[in-house]
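Below are the structure tokens for one structure; questions will follow.
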Amino acid sequence: MASQKRIIAALMQRHGRTFASELGIDLRKNTPSPLFRLLCYSLLTSAPISAELAMRGARAMAGAGWTTPQKLQASDWETRARVLNESGYARVDEKTATQLADMNAALLETYGGDLRKLREAAGGSPKALRKRLKAFKGIGGTGADIFLREIQLVWDECYPYADKAALSAAEKLGLKANADKLADKVSREDYPRLMAALVRCKLEKDVQGVQDAAKG
């Protein structure tokens, strides 16, 4: 088997891109709009659909201009359902159109539409952050994990965060299925990319491909 260093290098080369960056979300700004867009993507991924469809749904929402809680609030249910349906987000488009409105209403009422206030309310605890994220209707454990996995780029209290999907892929690749040990293998900056790469590897069933590339 190739060394862990070579496996990680091959993994990063093949899959080392965060989901936020794929959506054009600049989390480094740490401002309400990119944080809100990540939250919406987290909700979309909580539905029983493929990761690709969730990505298309998130792009469609941005294309419709719903990049802030205020802009989403101004939309109507029929338009949300249609936009999601036309993006390929079928079967659950109507339910999700409702969940988006419920989530958005709670975000505006509880945190003034600013997820940085949710962060403050969590008091630096990733566990408390996860609980508050799951309190939004439509966001389950998977969605909360995705948010925390991506936001650790800028919210230091979440670093190093690894969800079950990432750790499962790490184990299959022969890497240590432990967040702290994986964090030792790459820079602080690259760690969120490594987590995303592990998840992408799992989704694309590319364990063998990564291992073969590492040997070459």
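What follows is calculated from the coordinates using simple rules that are stated; it is not laboratory data. Predicted, not measured: the structure shown is a model, and the values here were computed from it. Reconstructed Cβ throughout: ideal geometry from the backbone, glycine too, with neighbour counts over all protein chains shown.
Quick one: net charge of residue 30's neighbours, Cβ under 10 Å, K/R +1, D/E -1? Let's see the in-between values first.
Details: positive: 28, 29, 116, 119; negative: 26.
So the environment of residue 30 carries a net charge of +3.
Report, in debye and to the nearest 20, how large the dipole of the chain comes out about its Cα centre when Lys and Arg carry +1 and Asp and Glu carry -1 on their Cβ.
My answer is approximately 480 debye.
Oh, and also: How much net charge surrounds residue 206 when only other residues with a Cβ under 14 Å from its Cβ are counted (Lys, Arg +1; Asp, Glu -1)? Write down the numbers at each step before the final one.
Numbers: positive: 14, 17, 172, 200, 202, 205; negative: 204, 212.
Summing Lys and Arg as +1 and Asp and Glu as -1 gives +4.
Quick one: net charge of residue 114's neighbours, Cβ under 14 Å, K/R +1, D/E -1?
On the way: positive: 29, 37, 116, 117, 119, 132; negative: 109, 120.
With Lys, Arg at +1 and Asp, Glu at -1, the net is +4.
Please state, rounded to one decimal and in Å, the Kirkwood hydrodynamic radius that the range 120-168 gives when every pair of distinct Cα atoms enters the mean of 1/r.
Working: mean 1/r = 0.0916 Å⁻¹.
About 10.9 Å, per the Kirkwood formula over Cα pairs.
May I have the pair-distance distribution P(r) for the range 28-152, computed from all Cα-Cα distances with 5 Å bins from 0 and rounded to whole percent?
2, 12, 24, 27, 20, 11, 4, 1
What are the equivalent ellipsoid semi-axes of the chain, built from the alpha-carbon gyration tensor (square roots of five times its eigenvalues), in whole angstrom, biggest first?
On the way: eigenvalues 192, 77, 35 Å².
One finds semi-axes of 31, 20, 13 Å for the chain.
I'd like the distance separating the alpha-carbon centroids of the range 1-44 and the range 199-216, in whole Å.
17
Next up: Length gain on complete extension for the stretch residue 6 to residue 105, per 0.36 nm per residue less the alpha carbon to alpha carbon distance?
31.0 nm
Compute a Gaussian network model of the chain, connecting alpha carbons closer than 10 Å, and tell me which residue from 76, 145, 206 fluctuates the most.
Per the Cα network of the chain with a 10 Å cutoff, 76 tops the list.
Largest first and to the nearest Å, give the Cα extent of the range 46-117 along each principal axis.
Result for the range 46-117: principal-axis Cα extents of 32, 21, 20 Å.
Still on this structure: Once each part is reduced to its C-alpha centroid, what is the distance from the range 154-174 to the range 78-106 in angstrom?
One Cα centre to the other: 29 Å.
Along the charge dipole of the range 28-152, which of 60, 121, 108 sits closest to the positive end, that is, farthest toward it, with unit charges on the beta carbon of Lys, Arg, Asp and Glu (+1, +1, -1, -1)?
It is 121.
Kindly list the residues of the range 1-45 that lie in the label zone of residue 59, defined by a backbone N under 11 Å from the point 7 Å along the Cα-to-C-beta vector.
What the label zone holds, given the 11 Å backbone N cut-off, is 22-24.
Same structure again: Starting from the Cα of residue 13, step 7 Å along the direction of its Cβ; do the same at residue 208; then give the gap between the two resulting points in nm.
2.0
Which residue fluctuates the most in the chain, going by a Gaussian network model with Cα springs under 10 Å, if the choices are 112, 123, 141?
Comparing 112, 123, 141 in a Gaussian network model of the chain, the most mobile one is 123.
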